[in-house]
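*Asks:* Can you read through this structure? Questions will come right after.
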Amino acid sequence: MAEVEKIKENLVYAKNRLLTNEVMHYCPGCSHGTIHKLIAEVIDEMGMEDKAVGISPVGCGVLAYNYIDCDWAESAHGRACAVATGIKRMAPDKMVFTYQGDGDLAAIGTGETIHACNRGENITIIYINNAIYGMTGGQMSPTTLVGQRTATTPQGRDVNLHGYPFKISEMAAMLDGTCYVTRQAVNSPANVRKAKKALRKAFEKPMKGQGLALIEFVSTCNSGWKMSPVAANQWMEENMFPEYPLGDLKERE
Ligand SMILES: Cc1ncc(C[n+]2csc(CCOP(=O)(O)OP(=O)(O)O)c2C)c(N)n1
Ligand SMILES: [Mg+2]
């Protein structure tokens with residue numbers, strides 16, 4: 001009997017203990033929740049609960065500190081990499097990571113992001129690219145696809161007016177300060193597993209002093225895109241993945 005109980009115990013899928021009991025405010029189908037789960041699991045499995053310091057953004061991820069039980073600091077819109085730099089330099093034994101959307105990281109915070117990458121700060125950037133300003137009602141962001149309809153591009157993004165989708169991970173990979181740049185998604189169980197391995201590497205490498213690691217999650221925003229969760233996942237696979245292909249862009253010691 002005890003044997004059976006033991007087997008059962010191992011089969012039960014449990015919520016990670018670093019995820020709090022707060023009810024998440026994310027819309028059903030949003031990628032943020034799954035990514036939070038992975039962050040909690042990886043920090044726990046690494047035994048870094050007391051060393052992890054998150055920098056939360058302005059955007060839908062603003063309340064991340066309510067959901068993952070580690071230390072956090074809240075930064076002004078776009079400034080997470082600057083705040084992370086300060087904390088990491090003052091406390092180099094901490095595992096410092098930012099959690100930022102495309103509006104936060106690739107629009108208002110482009111300067112902070114690129115220069116943190118170029119300086120090779122030993123931090124981890126977790127970048128949630130849902131191609132839209134989700135929190136403020138679905139306006140165009142720099143990563144919005146050409147032709148994509150948003151609140152501020154009702155006719156679709158037009159390159160003559162708005163330029164091209166901004167590929168900040170490709171830029172980051174070119175810079176000498178980055179040790180690992182990867183693009184992942186959580187649209188399927190197989191991709192969730194791959195993303196978790198990549199996330200662990202993105203946490204580990206800066207802790208070895210190898211430089212900055214950036215992990216981009218190509219993500220859905222079904223409310224902002226005005227689609228059902230299922231349709232949003234499919235739209236992401238068909239439209240976002242060709243523009244933002246998944247996989248490692250760079251890895252060095
Ligand atoms: C200095 C400043 N400018 C603008 C805003 C308004 N604002 C809040 S969230 C946001 C965009 C968030 O989009 P993103 O970073 O992509 O996150 P998402 O909500 O999509 O996850 C903007 C423009 C602000 N809060 N502060
Ligand atoms: Mg966004």
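*Asks:* For the stretch 46-144, rounded, prolate or oblate, judged on the Cα gyration tensor with a ≥ b ≥ c (square roots of eigenvalues), a/c < 1.5 rounded, else prolate if a/b > b/c?
*Replies:* oblate
*Asks:* Report, ordered by chain and residue number, the aspartates and glutamates lying within cross-link reach of residue 226, taken as a straight Cα distance under 17 Å and ignoring same-chain residues fewer than 8 apart.
*Replies:* Once the sequence-local aspartates and glutamates are set aside, what remains near residue 226 is 237, 238.
*Asks:* Still on this structure: Using 0.36 nm per residue of separation minus the Cα-Cα distance, give me the extension gain between residue 174 and residue 119 in nm, one decimal.
*Replies:* 18.5 nm
*Asks:* Quote to one decimal, in nm, the extra length available between residue 63 and residue 49 on full extension: 0.36 nm per residue of separation minus the C-alpha distance between them.
*Replies:* So the chain would gain 3.2 nm between residue 63 and residue 49.
*Asks:* In the stretch 1-110, what chymotrypsin sites (Phe, Trp or Tyr not before Pro) fall in a loop by DSSP, with at most 11 other Cβ atoms inside 10 Å?
*Replies:* Sites meeting the loop and neighbour criteria: 13.
*Asks:* Shifting gears a bit: Run lengths n ≥ 4 of DSSP H only: what is the helix-derived mean residue ellipticity at 222 nm for the chain, with -39500 (n - 2.57) per run over all residues, to the nearest 500?
*Replies:* Value at 222 nm, helices only: -10500 deg cm²/dmol.
*Asks:* Express as a percent, rounded to the nearest 5, the fraction of DSSP beta bridges in the chain (both residues included) that run antiparallel.
*Replies:* 20
*Asks:* Starting from the exponent 0.38 and prefactor 2.2 Å, build the expected Rg for the stretch 19-79 from its residue count and divide its actual Cα Rg by it.
*Replies:* For the stretch 19-79, the normalised Cα radius of gyration comes out at 1.10.
*Asks:* Another one. What is the Cα convex hull volume of the chain when expressed per residue in Å³?
*Replies:* 131
*Asks:* Testing the spin-label approximation: label points 7 Å from Cα along Cα→Cβ at residue 25 and residue 146. State their distance in nm.
*Replies:* So the two model labels end up 3.7 nm from each other.
*Asks:* Please go through the residue pairs 88/201; 6/194; 94/201 and name each one whose alpha carbons sit more than 24 Å apart in this structure.
*Replies:* 6/194
*Asks:* List the residues whose amide H sits under 5 Å from the amide H of residue 96, counting only those 5 or more places along or on another chain, with H placed 1.01 Å from N in the peptide plane.
*Replies:* Close amide H contacts, sequence-distant or interchain: 53, 124.
*Asks:* Given springs between every Cα pair under 10 Å in a Gaussian network model of the chain, which of 73, 198, 82 has the largest fluctuation?
*Replies:* Ranking 73, 198, 82 by mean-square fluctuation puts 73 first.
*Asks:* Straight-line reach from residue 37: which aspartates and glutamates fall under 15 Å, measuring Cα to Cα and dropping same-chain residues less than 8 apart?
*Replies:* 22, 45, 49, 69
*Asks:* Next question. Which residue, 201, 94, 226, has the most motion in a Gaussian network model of the chain that connects Cα atoms within less than 10 Å?
*Replies:* The residue that fluctuates most here is 226.
*Asks:* Follow-up. Label residue 243 and residue 208 with points 7 Å out from Cα along Cα→Cβ: what is the distance between them in nm?
*Replies:* 3.5
*Asks:* Per 0.36 nm of contour for each residue apart, how much would the distance between residue 77 and residue 3 grow if the chain were fully extended, relative to their Cα-Cα spacing?
*Replies:* 21.4 nm
Read-outs throughout are calculated quantities, based only on the coordinates presented, and are distinct from any laboratory measurement. Keep in mind the model is a prediction, meaning the values are calculated, not measured. All Cβ positions, even for glycine, are placed from backbone atoms using ideal geometry, and neighbour counts span all protein chains on display.
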